[in-house]
Amino acid sequence: MANKYVLGISVLNEGEKLHRVLSRFSDYSLYDVLIMDDGSTDGSVERIPPNEHVFVVRQGVNRGAGHSVRACLRWARARGYEALFLVAGNDKDRPQDVARLVEGMAQGYDLVQGSRYLPGGGFGNMPFYRTIATRFVHPLLFSLISGRRITDSTNGFRAVRLTLLADPRLDLDQEWLDGYELEPYLFYKAIKLGYRVKEVPVTKIYPPKEDGYTKMKPFSGWWSILRPLVYLGLGLKN
């Protein structure tokens, strides 16, 4: 294995957006690419051309965003990669920002979190309610329970050093983490367990609504990413 980094892209019926992501994130001198398909039925995954640096894993059925991220982490660790970079499958992230994740890994950080709200970051095409939730509500609650000021706790663009998975205090197999809960859980636990964590500025531009802007449902989706803060803050889960 030549590359020590792999991009993990969880997908579910992303259509042409997935192919735009693959055409843009193609610096194979720096990273390989893993497509973790969460039960797509639109034919988009079948149309991925063969490439020795692009790996496709089909889960067969839709099991949830958290299940897919967990599968990406374990696939990457089993194959000896140093870190997994998580990238959106619907073409929201910028390839240029990968360099900031790489820099954080080179500096010895264990989790590097992308933030659209740090100076130098940016965002676009987000409804007002979503801006309020991602810029103020979730980061404020996350900062309160983690004891550390965080500016963008819901951004899925991040790097994870795979040695974290060896820590028995991280219980990623809990059934309640199969949805959107897993990523804020992992972020929170990395901070509370004393791992080196930093935020870096990134840009996130959502695709047009008619192209499938997001799969997160307004109420159940937001409860899914808030639930770890409630459970962990109250000591109901570990």
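Quick notes on this one:
- Taking the criterion of being of a type in the set (D, E, K, R) and under 16 Å from the mean Cα position of the chain (by Cα), the residues of region 33-53 that qualify are D37, D38.
- Checked against (1) within 14 Å of the chain's Cα centre (by Cα); (2) in contact (Cβ under 8 Å) with a residue 40 or more places away in the chain; (3) within 28 Å of R196 (Cα to Cα), P95 passes all but condition (1).
Okay, residues lined up against (1) without any contact (Cβ under 8 Å) to a residue 12 or more places away in the chain; (2) not basic (K, R):
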| site | (1), (2) |
| --- | --- |
| T131 | yes, yes |
| L144 | no, yes |
| R149 | yes, no |
| T154 | no, yes |
| R158 | no, no |
| E175 | yes, yes |
| G179 | no, yes |
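- Considering region 99-117, the residues that are polar (S, T, N, Q) and touching a strand residue (DSSP E or B) at 6+ places or on another chain (Cβ under 7 Å) include one that is nearest to V6 (Cα to Cα), namely Q113.
For every residue, the table says whether it meets (1) among the aromatic types (F, W, Y); (2) within 16 Å of the chain's Cα centre (by Cα); (3) under 18 Å from L193 (Cβ atoms).
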| residue | (1), (2), (3) |
| --- | --- |
| L101 | no, yes, no |
| V112 | no, yes, yes |
| P127 | no, no, no |
| V160 | no, yes, yes |
| L172 | no, yes, yes |
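- The helices (runs of 4 or more DSSP H) found wholly in region 6-125 and carrying at least 1 residues that are surrounded by fewer than 16 Cβ atoms within 10 Å (Cβ to Cβ) and either β-branched (V, I, T) or touching a helix residue (DSSP H, G or I) at 6+ places or on another chain (Cβ under 8 Å) (or both) occupy 16-24, 65-78.
Taken together, the values in this text are just the output of simple stated rules run on the coordinates, not laboratory data. Values in this document were obtained by computation on a predicted structure and should not be read as measured data. Note that we place each Cβ from the backbone using ideal geometry, even for glycine, and neighbour counts take in every protein chain shown.
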